[in-house]
Amino acid sequence: MNLDLTPLAWRLAGTPLAAWANGVQQQLDAKLAVGHGDLPRWRRAVDALPALAPVQVELRDGFRLDATCDDAARQATHDALMGLSPWRKGPFDVFGVHVDTEWRSDWKWDRVAPHLNLAGKRILDVGCGNGYYMWRMLGAGADSVIGVDPNWLFFCQFHAMKRYLQELPVWHLPFALEELPARLEGFETVFSMGVLYHRRSPVDHLLDLKDCLVRGGELVLETLVVEGDENTALVPEDRYAQMRNVWFLPSVKALECWLRRAGFVDVRCVDVSVTSIEEQRSTEWMRYQSLPDFLDPQDHGKTVEGLPAPMRAVLLARKP
């Protein structure tokens, strides 16, 4: 795994992010020194990927890498990627190996992407997971993409793909949003997808996201919502769809109000969709329980706790 962030510092030279970028290698090295018990095993899996050169790269309409390779190389690719299970976001097609992830993240991207203009944009993806959407952002014409997510497995899954795409201006940093400097104000687009409901203080999260944006920059917010008016927000007493760390599920109107209260303008909802058991499910690449296990077996309109089943909204907003 190549963890040299010099190209990132070069890319951000002359931008509002230059000072931060110059110190980010030291920050990464400090995190790596603490590490994670499984990190050596995951890094070995990445290093076990065969040395192939893609002859075709598709990022606009999906994630696909093609190369001239034999069955042995394809099997080595399969085994190395399987060593990084469970795979949550995707799918990825790598030299004929189809990584069938828990989420059909391509479906979500197809709902979000038509409403965005990412051409030439410097982008931050907060809670980026394994970086699936970051690759799709590049495919949509982004100038550069930085993702932050403290999960080390996701970090290694990203580097499995980056191994074959070293020259592309995309970086995954194993940091939480709180580990970035305050008031960065350097990104033209900031994504927060599937993060807000995990925050105990959702408006503080919106304020932190706004502080990452340049003036006139756009926030892309995707989160769980419920039906209701501007005063509606569900706070699960214990679990929601078997998840413990779910705090606030607002209505779309309430969420629009929160965004305006946080100082955003041009707030608009561009998509609302109920998550289906075809979009999120267990696979060979993610063998744990998934959405079908979290819904009431008699009524898929409810979770096993009797709460409204997952429904997600995408909202766009601008920093004035």
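The values are calculated or read from the model by the stated rules, or taken from the named source; none is laboratory data. A quick note: this is a predicted structure, and the numbers were derived from the prediction, not measured. Cβ sites come from the backbone with ideal geometry, for glycine too, and all protein chains shown count toward neighbours. These area figures cover heavy atoms from the full protein model, side chains too; ligands, DNA and RNA do not enter into them. Shrake-Rupley method; radii C 1.70, N 1.55, O 1.52, S 1.80 Å.
Please verify whether region 105-124 includes one or more residues that are open to solvent by less than 20 Å² (accessible area, probe 1.4 Å), in contact with a Pro (Cβ under 9 Å, 6 or more places away or on another chain), of a type outside the set (Ser, Thr, Tyr) and at pLDDT 95 or above. Checking region 105-124: not a single residue is open to solvent by less than 20 Å² (accessible area, probe 1.4 Å), in contact with a Pro (Cβ under 9 Å, 6 or more places away or on another chain), of a type outside the set (Ser, Thr, Tyr) and at pLDDT 95 or above. Tell me whether region 43-59 contains one or more residues that are under 30 Å from residue 215 (Cβ atoms), among the hydrophobic types (A, V, I, L, M, F, W, C) and crowded, with 17+ Cβ neighbours inside 10 Å. Yes; the residues of region 43-59 include at least one that is under 30 Å from residue 215 (Cβ atoms), among the hydrophobic types (A, V, I, L, M, F, W, C) and crowded, with 17+ Cβ neighbours inside 10 Å. For region 38-59, the count of residues that are more than 20 Å from residue 160 (Cβ to Cβ), out of contact with any Cys (no Cβ under 7 Å at 6 or more places or on another chain) and modelled with pLDDT of 95 or more is zero. Among residues of region 163-189 being over 16 Å from residue 211 (Cα atoms) and within 15 Å of the chain's Cα centre (by Cα), the one that is surrounded by the fewest Cβ atoms within 10 Å (Cβ to Cβ) is 175. Filtering region 191-202 down to residues that are over 21 Å from residue 103 (Cβ atoms) and in contact (Cβ under 8 Å) with a residue 40 or more places away in the chain, which residue is most open to solvent (accessible area, probe 1.4 Å)? My answer is 200.
Right, residue 319: farther than 24 Å from residue 106 by Cα, of a type in the set (Lys, Arg), surrounded by 18 or more Cβ atoms within 10 Å (Cβ to Cβ) and touching a strand residue (DSSP E or B) at 6+ places or on another chain (Cβ under 7 Å) or not? Answer is yes for this residue. Of note, residue 241 satisfies the criterion of being modelled with pLDDT of 95 or more, within 30 Å of residue 83 (Cβ to Cβ) and surrounded by 15 or more Cβ atoms within 10 Å (Cβ to Cβ). From the list 36, 98, the lone residue that is surrounded by fewer than 18 Cβ atoms within 10 Å (Cβ to Cβ) and in contact (Cβ under 8 Å) with a residue 60 or more places away in the chain is 36. Taking the criterion of being over 16 Å from residue 312 (Cα atoms) and open to solvent by 10 Å² or more (accessible area, probe 1.4 Å), the residues of region 206-228 that qualify are 207, 208, 210, 211, 214, 215, 216, 218.
Open to solvent by less than 50 Å² (accessible area, probe 1.4 Å), at pLDDT 95 or above and under 25 Å from residue 8 (Cβ atoms) - does that describe any residue in region 62-75? Yes; the residues of region 62-75 include at least one that is open to solvent by less than 50 Å² (accessible area, probe 1.4 Å), at pLDDT 95 or above and under 25 Å from residue 8 (Cβ atoms).
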